[in-house]
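Below is one structure, written out as structure tokens, with a few remarks after it.
Nothing in this text is a laboratory measurement; each read-out follows from the coordinates by a stated rule. Quick caveat, the model's predicted, so the values are computed rather than measured. Heads up, the Cβs are rebuilt from the backbone with ideal geometry, glycines too, and the neighbour counts pull from every protein chain shown.
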Amino acid sequence: MTTMTIKSKVRTPGWGHNLRVIAVKEIRDAFKSRLFLIALMMLFALTLIAIALGASTVHARIAEYEQSAQVLCDLGRTDIPPMPALNPLAVSKNFINYLAMIGALLAMILGYSTIDKERKAGTLRLILSRPIYRDQLLTGKILGNAILLGMMLAFVGVLTVIGIAVLGGVSLTGDQLIKLMLTMVMSWLYTLVIFLLALFFTILVPDGKQALTLTVIIWLVFAFILPQIGDTMDLDNQLPGGFFAAMGLNEQQVLQKFQLYESVRDGIEESSPTKHYERISFALLGVKPEFTDNTWDEILQLKLMNIVGMMVPIFVLASGSYVVFLRQDS
């Protein structure tokens, strides 16, 4: 009777408990990886370098204005123009390039190792022999790494704000803070795409080295080849200042006669998540002058297709990972 009572009190861990345990394990395992830690330190260091370079640019422009204003004062002029507005986020744009490169590298490391480490250690079958379903295990791993990437990018955002204030001597406005926060969210979506890409190939291909090689090749196509093809096919990029402006032509009128060509060129660029990430990030940071006066919510509306362009690969790669993993025996 006592034995039956004890057995009745034993409860199988719930779905939420299992997810939490798996997610925490993924985060802990990541910080045990020397390669991950090296790449993480590189990202933080390059972020500070980008901010420092941006701060020096801001100081240089302020010094140029003050010198010009002093010259006008010495000439007896009183109609001194106000100092032009400086966007500290725009001049620190290089950290987006670092996020796209080093952030993608970190995501690939996490996506590759999350399954490969279990295979090499022979613990995948052992874990699945416990009261844990395959979809539960995969969900916990994705959740843990998504949280880790979010934490990493949140720290980069905080580091950027502090760096701009300390090195640049500039405080961001409320709208600029929101734009920076949204840029980190877009960076999170982009790194999640790369993580899921590496995860999918690691699940699909038993050989870890081959899976990693395929991931790198596909990422290089997304990050460099497709955007480069699109830029090369853009006639307006062939001359400094724009081909159409140099030739005294109306761009819209000319492009109307090449709609099919433009559709193909734009389609090639739109197939690159990296290009979507670059477009919306540069708009939020004010790197593109045409978006300088837009508020953050206006930019999100204007760049909705770029957000969709990163969400679609996330859905496709996550779905593919579940389908392949659930059909496997080990």
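Suppose R0 equals 30 Å. What FRET efficiency, 1/(1 + (r/R0)^6) with r the Cβ-Cβ distance, do Val312 and His59 give to the nearest 0.05?
Numbers: r = 42 Å, r/R0 = 1.40.
That pair, Val312 with His59, gives E of 0.10.
Is there a pair in Lys141/Lys209; Lys209/Lys275; Lys25/Lys209; Lys179/Lys275; Lys25/Lys179; Lys141/Lys275 whose C-alpha atoms are over 30 Å apart, and which pairs would that be? Please list the in-between numbers first.
Values: Lys141/Lys209 20 Å; Lys209/Lys275 27 Å; Lys25/Lys209 23 Å; Lys179/Lys275 18 Å; Lys25/Lys179 33 Å; Lys141/Lys275 27 Å.
Over 30 Å Cα-Cα: Lys25/Lys179.
Length available on full extension from Leu143 to Phe31: 0.36 nm per residue minus the Cα-Cα distance, which gives 38.7 nm.
Along the axis of the charge dipole computed for segment 39-151 (Cβ charges of +1 for Lys and Arg, -1 for Asp and Glu, origin at the Cα centre), the listed residues Pro88, Ala104, Ile132 are led at the positive end by Ile132. Taking R0 as 51 Å, what FRET efficiency do you get between Val205 and Asp175 from their Cβ-Cβ distance, rounded to the nearest 0.05? It comes to 0.65. Approximating the spin labels as points 7 Å out from Cα along Cα→Cβ, the His17-to-Val71 distance works out to 7.5 nm.
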